[in-house]
Amino acid sequence: MTTNTEKNVASAVAYYQAMHNKDLAGMARHLCDDVRFIGPLAEMTGKDAVLETANRFMRLIKGIRVNARMGSGDQIMLTCDLEFPEPIGRCRTAVLMTFEDGLIARIELFYDARPFEKSVSKEVFGSR
């Protein structure tokens, strides 16, 4: 029997696999309508806003690899490598996701934002 935590971990990994595959509809299946995103360069609320930003972000990345996954109850933590073209290259990240009713309700992303501040932040996050 699969626990809710295991289902949430699988959903979190599937969300990032969909992002790796540049599959916006696949990502959308895992998000609450009022999902909250918090990252070093921007914060936003709402499925449409998160997907709009993800769509711009996916144009920039070469790939995503999930390295580790763990969960407890409604919270999941992943570590990932995001691969960008040079000069950025690999960006090591951690993401804490909170689930409600099997859907991602909150995404809190952690990474060193310095390489992105000038070149990527406006292109991905707009003027937020």
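In whole Å, what are the Cα extents of the chain along the three principal axes, biggest one first?
46, 27, 23
Could you state the angle between the C-alpha long axis of helix 4-20 and the longest principal axis of the C-alpha atoms of the chain, as a value from 0 to 90 degrees rounded to the nearest 10?
Roughly 30 degrees between the two axes.
How long is the gain from LEU60 to ALA113 if the chain were fully straight, where each residue apart is worth 0.36 nm and the alpha carbon distance is subtracted?
Length gained between LEU60 and ALA113: 17.6 nm.
Towards the positive end of the charge dipole of the chain, with charges on Cβ (+1 Lys, Arg; -1 Asp, Glu), say which of GLY73, MET97, ALA25 has the farthest Cα.
It is ALA25.
Report the residues of region 57-76 in range of a label on VAL13: point 7 Å along Cα→C-beta, backbone N strictly under 11 Å from it.
66-70
Neighbour counts of other C-beta atoms within 10 Å: give me ARG69, ARG59 arranged from fewest to most.
So the residues, fewest neighbours to most, are ARG59, ARG69.
Just to be sure I understand the model, the point goes 7 Å from the Cα along the line to the Cβ. What's the resulting ARG69 to ASP33 distance in nm?
Taking the two extended label points, one gets 2.8 nm.
Treat each spin label as a single point 7 Å out from the Cα along the C-beta direction, and report the ARG92 to GLU6 distance in nm.
Placing both labels 7 Å along Cα→Cβ, they lie 3.0 nm apart.
Treating the angle as unsigned and between 0 and 90°, give the value, to the nearest 10°, between the Cα long axis of helix 47-58 and the longest Cα principal axis of the chain.
Once rounded, the angle reads 50 degrees.
None of the figures in this text is laboratory data; all of them are computed from the coordinates on show. No experiment lies behind these values; they were computed from the predicted model shown. Cβ: placed from backbone, ideal geometry, glycine included. Neighbour counts: every protein chain shown.
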